[in-house]
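Structure first, then comments.
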């Protein structure tokens with residue numbers, strides 16, 4: 001199934017947020033780090049970030065991380081519905097910054113954690129409705145615990161974008177094949 005552009009962006013945003021805490025390393029260390037993350041993710045309309053926002057986004061990140069390890073669809077639905085309710089989601093169509101019509105679920109001046117949460121919830125809701133939750137994966141590299149959203153047609157993506165996991169795994173497999181050929 002092909003997803004709308006805003007669904008893909010929302011899912012990738014959720015994965016990127018979860019991946020800001022890998023291997024015990026905190027990447028959302030302060031307001032400047034959160035601001036940098038939001039700019040990298042092209043979140044529009046962010047005007048002010050404070051320490052409370054950092055704390056709230058870290059809590060949201062932990063909640064989203066649970067989605068990738070959820071045992072059942074209902075567990076994901078509970079997270080999605082909670083995120084919508086916490087933000088008082090009120091869907092509306094908008095277009096801005098070169099993006100054509102898409103949904104926003106909060107007001108432009110809503111707290112950043114509500115905006116991030118509802119974006120993620122909307123993307124996850126589309127996966128639930130499409131019965132495509134198997135697109136939520138953890139990186140297959142043995143030394144990586146990053147999450148990813150497999151948006152490939154054949155659901156074959158195995159490695160994250162946080163490092164060179166795919167490249168490292170392919171090089172290791174190539175070297176193993178060459179060593180086996182020599183032996």
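If residue 51 satisfies every condition in (1) closer than 22 Å to residue 107 by Cα; (2) surrounded by 14 or more Cβ atoms within 10 Å (Cβ to Cβ); (3) out of contact with any helix residue (DSSP H, G or I) (no Cβ under 6 Å at 6 or more places or on another chain) but one, which is the exception? Exception for residue 51: condition (2). Of the residues screened, residue 93 is one that is more than 16 Å from the chain's Cα centre (by Cα) and closer than 22 Å to residue 46 by Cα. Taken over the stretch 122-165, the criterion of being part of a helix (DSSP H, G or I) and touching a residue at least 12 places away in the same chain (Cβ under 8 Å) is satisfied by 122, 123, 124, 125, 126, 127, 128, 133, 134, 135, 165. Taken together, the criteria place residue 79 among residues that are within 21 Å of residue 147 (Cβ to Cβ) and surrounded by 14 or more Cβ atoms within 10 Å (Cβ to Cβ).
Scanning the stretch 146-183 for residues that are modelled with pLDDT of 90 or more and in contact with a strand residue (DSSP E or B) (Cβ under 7 Å, 6 or more places away or on another chain) turns up 146, 147, 148, 149, 150, 157. Considering 23, 6, the condition of being touching a strand residue (DSSP E or B) at 6+ places or on another chain (Cβ under 8 Å), in contact (Cβ under 8 Å) with a residue 60 or more places away in the chain and closer than 22 Å to residue 150 by Cα is satisfied by 6 alone.
The values are calculated or read from the model by the stated rules, or taken from the named source; none is laboratory data. Since this is a predicted model, take the numbers as computed values, not measurements. Because the Cβ atoms are built from the backbone with ideal geometry, glycine has one as well, and the counts that use them run over all protein chains shown.
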